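Worksheet: one structure, shown below.
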Amino acid sequence: MQEMLHLALASNLLTSLGAAPHLRRPNFPQRSRYYPPSMQLTLRPFDERTLDHFIFIERPEGMDFPDAVGFETTETVPASSGDDGVEPVEQPYASVAELYRDIEEGFKSLAARLGEDRVFIGPPSAQATSAYFPFPQLIPVTDLASALKCIELIVEQGEGLRGDIGNSHYARFLAIRGELDRLRAGRPDFEPARPVMENPFTEPPPDCSGYNLIDNPRARLVSELFNSAYALMVEMLMRLFAHTDELEDDLKALAGTAMALMERVLRPLGTFLTTLPATAAGDVPRAGASFAFHRSIDYLPHRDAAWMLFDERITELVDFSAAIPGLDKVQTAIQVLSAGLKPRLRTPANRAQQ
């Protein structure tokens, strides 16, 4: 939930500058191409190595210790040219804490050089707030003070750099690691997760290597449904964070549908996948969610067309889920969400009612 809050806050930071919220990303695994060499991302089972990698990523700035086994790299971050030219320059960072420190400095330097009126040019009406998400700490970013407060919250909850480190994500991962060590000591055969396949996909992703393919027919169908529902959720979030002429009820419907897709569709599908064999060769490895990101997942700029496409896609998901045994609750959830979107479509009949 806090990571969802951070996503919304980061989108508000971009919107405040007049930029578009950014949700695009490469598929997993990614090793030192889109991110700094130390930010190697992969989908794998929950165990000591996974926890140690999370701890490494969330480490507070200034803490220097090695990454988890198998995630180490000898590559270095290329140095910036450092000149004061007019072309944008990629800024290197070695940790999440360092990234947000640089973002904070960027806001401060822009405000000092241009003045806040020239920096915070995004429309305040486009900000995501707690009116749409159940996050009391989701604040609009309209000036330097609110931007710095937003960044401070993200950093404190994540790395705990400037606040109470005991409640940060970094500290929570450390505590989970300790719990796992104690369980292993008492029960050496204890496994905290099902033996899922690493980086499972139904189709070869075009932007990465090192993936594995699911070829069990039932698991493939469930994985396709998961990825399609995930894509719809991302498109809805992009529309919410960069809306145009949506009404207040439209925005609440977007937020509510996206959150419901996470909780009532993606969560049970992700769990169900881990109970299914990933291949036809045997019971292990099990399947898992790939969170596949396709080139077709993009911001839909035109309000009426976007909502028609949302309706078309969720109707397809209703029909597709009906053909997969054992997904009655998921199909019902998708049907309910589909019915909730239809009144927001600007059909001639709906326009007359609105």
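The values are calculated or read from the model by the stated rules, or taken from the named source; none is laboratory data. The shown structure was predicted, so the numbers you read here are calculated from the model rather than taken from an experiment. Cβ: placed from backbone, ideal geometry, glycine included. Neighbour counts: every protein chain shown. Keep in mind that these areas ignore ligands, DNA and RNA; they rest on the heavy atoms of the full protein, side chains included. Shrake-Rupley method; radii C 1.70, N 1.55, O 1.52, S 1.80 Å.
So here's what we get for this one:
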| quantity | calculated |
| --- | --- |
| Residue count, region 215-252 (criterion: assigned to a loop (DSSP other than H, G, I, E, B) and either open to solvent by less than 10 Å² (accessible area, probe 1.4 Å) or more than 19 Å from R344 (Cα to Cα) (or both)) | 2 |
| Out of P136, P124, P140, sole residue that is over 17 Å from L14 (Cβ atoms) and open to solvent by 40 Å² or more (accessible area, probe 1.4 Å) | P136 |
| Positions within region 290-299 being open to solvent by 40 Å² or more (accessible area, probe 1.4 Å) and at pLDDT below 95, in sequence order | H294, R295, S296, D298, Y299 |
| Single match in A287, A306 (criterion: within 24 Å of D207 (Cβ to Cβ), open to solvent by less than 10 Å² (accessible area, probe 1.4 Å) and in contact (Cβ under 8 Å) with a residue 12 or more places away in the chain) | A287 |
| Pair list, Cβ < 9 Å and 6+ apart or interchain, from region 176-187 residues that are more than 12 Å from D52 (Cβ to Cβ) and open to solvent by less than 80 Å² (accessible area, probe 1.4 Å) to residues that are in a helix (DSSP H, G or I) and not β-branched (V, I, T) | R184/E48 |
| Tally of residues being in contact (Cβ under 8 Å) with a residue 40 or more places away in the chain, in contact with an Asp or Glu (Cβ under 8 Å, 6 or more places away or on another chain) and open to solvent by 60 Å² or more (accessible area, probe 1.4 Å) across region 86-121 | 1 |
| Residue under evaluation T257, criteria (1) open to solvent by 50 Å² or more (accessible area, probe 1.4 Å); (2) of a type in the set (S, T, Y); (3) in a helix (DSSP H, G or I), criterion not met | (1) |
| Output for region 207-266, where each listed residue is polar (S, T, N, Q) and at pLDDT below 95 | S209, T244 |
| Residues being under 16 Å from L221 (Cα atoms) and either under 24 Å from the mean Cα position of the chain (by Cα) or β-branched (V, I, T) (or both) - total across region 315-324 | 5 |
| Residues of region 260-283 classified as in a loop (DSSP other than H, G, I, E, B), open to solvent by less than 50 Å² (accessible area, probe 1.4 Å) and touching a residue at least 24 places away in the same chain (Cβ under 8 Å), total | 4 |
| Selected residue (only one of G158, G166 is touching a His at 6+ places or on another chain (Cβ under 7 Å) and under 17 Å from I55 (Cβ atoms)) | G158 |
| Only one of K329, K342 that is more than 24 Å from P204 (Cα to Cα), among the charged types (D, E, K, R), surrounded by fewer than 16 Cβ atoms within 10 Å (Cβ to Cβ) and in contact (Cβ under 8 Å) with a residue 60 or more places away in the chain | K329 |
